[in-house]
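**Student:** Handing you a structure now.
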Amino acid sequence: MSRSPDKGPLLDLDLSHVRAFLAVAEELHFGRGADRLRLTQPRVSRLIAALEARIGGSLFERTSRQVRLTPLGALLHARLRPAYQDLLAALGEAHGAASGTSGTLRLGVSVMIGSTALRRVTGRFERQYPECQLTVTQLDLWDPYSALRRGEVDLVCGWLVADEPDLTIGSLIEERQRALAVGLGHRLASRDSVTVEDLADETVQRPPDRYPRALADAILPPRTPSGRPVRRTEFEVSSLPEIASLIAAGTIVTPTTVSVPAWAGDDDIVLVPFSDLPPLPLGLIWCTAHENARILAFADLARADGRDRRSVPRARAT
C-alpha cells in the first residue's frame with residue numbers, strides 16, 4: 001500500500017507565505033511584490049524561499065533581468081489564487097455576520113415567564129434595528145439551554161442563575177418577588193408572608209433530572225437556612241397542569257414568583273410572598289462562543305431600558 005506524502009511542513013505555512021507568493025507571481029518582480037505588500041524585499045524573498053522549501057521545488061526562475069514562474073509555480077498560482085479569493089470571501093462573510101445587525105435574532109422564552117419589560121425591549125429593538133428580524137420561540141421549561149447550544153436560538157430570557165461555563169450571563173431585564181404557591185385551603189394560604197423555614201414542613205415537586213442543578217436549587221431550595229431538608233416528591237413532576245393540580249389539592253407547595261402567567265386566574269392557587277428570599281433576577285443568557293452584534297445590540301437595549309426605569313422618580317406616598 002502506498003503512503004501519502006507527509007504534509008506536516010505545509011501545515012506550518014500561514015497567509016503571509018501565500019500573499020508573498022501571489023504578489024510576486026502577479027507582479028513578476030520581487031521589488032514590486034514587496035511594495036504591494038508593504039514589506040521589505042528581503043522579507044518577501046525569505047517568505048518565498050520558505051514556501052519553496054516546504055513544497056520541495058522552485059516556484060520562480062530568477063535572472064538579472066526578469067522573474068518568471070516555473071511550471072510548478074504556474075500550477076500553484078492557478079490553483080491557489082481562486083482558493084485564496086474564496087478564503088477572503090468566507091472570512092468577510094463571517095466578519096459581516098459577527099459585526100453587523102442585519103439578519104435574524106432568535107429569542108427563546110419560557111412559558112413561565114411573561115414580562116412587560118421584555119416586550120418593551122423587543123419593541124425598541126424592532127424599531128431601532130428594522131434590518132434584523134426578531135423571532136420568539138417557546139423553550140422547554142425544564143431544559144432552557146439546549147436550544148442555545150444547538151444554535152436553534154441566539155438568546156434566552158431566563159432566570160440569571162446559572163453555573164454553566166460556556167454561557168454568558170447578560171443584561172438584567174427585571175427582578176421578580178418570590179412567593180410560595182399553595183392551595184386555597186392550605187394552612188399557609190391565609191398568611192401575609194412565609195419564610196424558607198416553612199418549607200421544611202411541606203413537600204415540593206421533584207423537577208426532571210435534565211433541569212439545571214443551579215436553577216433547581218435556587219428555585220426549589222434543598223434545605224432551609226437552619227439546615228432542615230426540604231422534602232421533594234418521589235416522582236418527577238414536569239407538567240404545569242399536573243403541578244397546578246397537586247398544589248390545588250394540597251399535595252405540594254411550589255416556590256415561584258408573584259407573577260406566573262401559567263397560573264394567572266387560577267382561583268384554587270394562592271401566592272404568598274416570601275419574606276426572606278431575595279428577588280429572582282430575570283435576564284438574558286447566550287452562548288459565549290455564539291456572541292455577535294445582534295445579541296450585543298439587544299443586550300445593550302435591555303441594559304438601557306433598565307437604567308431608564310431606575311431613573312424615573314417614584315411618587316411619594318401621602
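The values are calculated or read from the model by the stated rules, or taken from the named source; none is laboratory data. The structure presented is a predicted model; accordingly, all values stated were derived computationally and were not measured. Cβ sites come from the backbone with ideal geometry, for glycine too, and all protein chains shown count toward neighbours.
**Student:** Can you name the number of the only condition in (1) closer than 29 Å to VAL121 by Cβ; (2) among the hydrophobic types (A, V, I, L, M, F, W, C); (3) crowded, with 16+ Cβ neighbours inside 10 Å that VAL182 fails?
**Tutor:** Only one criterion is unmet by VAL182, namely (1).
**Student:** Within region 194-207, can one find any residue that is over 15 Å from PRO255 (Cα atoms) and charged (D, E, K, R)?
**Tutor:** no
**Student:** Could you please tell me which pairs satisfy a Cβ distance under 8 Å, a separation of 6+ or placement on different chains, a first residue in region 124-140 that is more than 15 Å from ALA293 (Cβ to Cβ), and a second residue that is assigned to a helix (DSSP H, G or I) and small (Gly, Ala, Ser)?
**Tutor:** THR137/ALA147; LEU139/ALA147; ASP140/SER146; ASP140/ALA147
**Student:** If you don't mind, another one. So, in region 55-96, how many residues would count as being among the basic types (Lys, Arg), touching a Leu at 6+ places or on another chain (Cβ under 8 Å) and modelled with pLDDT of 90 or more?
**Tutor:** 1
**Student:** Name the residues in region 197-215 that are among the charged types (D, E, K, R), crowded, with 16+ Cβ neighbours inside 10 Å and assigned to a helix (DSSP H, G or I), would you?
**Tutor:** ASP198
**Student:** Against the definition (of a type outside the set (Ser, Thr, Tyr) and over 15 Å from VAL18 (Cβ atoms)), how does VAL67 come out, yes or no?
**Tutor:** yes
**Student:** Among residues belonging to region 98-123 that are over 20 Å from GLY283 (Cα atoms) and out of contact with any strand residue (DSSP E or B) (no Cβ under 7 Å at 6 or more places or on another chain), point out the one that is modelled with the lowest pLDDT.
**Tutor:** Among those that are over 20 Å from GLY283 (Cα atoms) and out of contact with any strand residue (DSSP E or B) (no Cβ under 7 Å at 6 or more places or on another chain), it is SER99.
**Student:** Hey, can you tell me all the residues within region 120-147 that are over 23 Å from ILE219 (Cβ atoms) and among the charged types (D, E, K, R)?
**Tutor:** ARG120, ARG124, GLU126, ARG127, GLU131
**Student:** Taking region 238-289, which residues are touching a Gly at 6+ places or on another chain (Cβ under 7 Å), at pLDDT 90 or above and assigned to a helix (DSSP H, G or I)?
**Tutor:** Listed by number, the residues that qualify are ILE247, ALA248.
**Student:** Of the conditions (1) surrounded by fewer than 19 Cβ atoms within 10 Å (Cβ to Cβ); (2) of a type outside the set (D, E, K, R); (3) not assigned by TED's automatic domain parsing to the domain that holds ALA147, ASN292 satisfies every one except a single condition; which number is it?
**Tutor:** (3)
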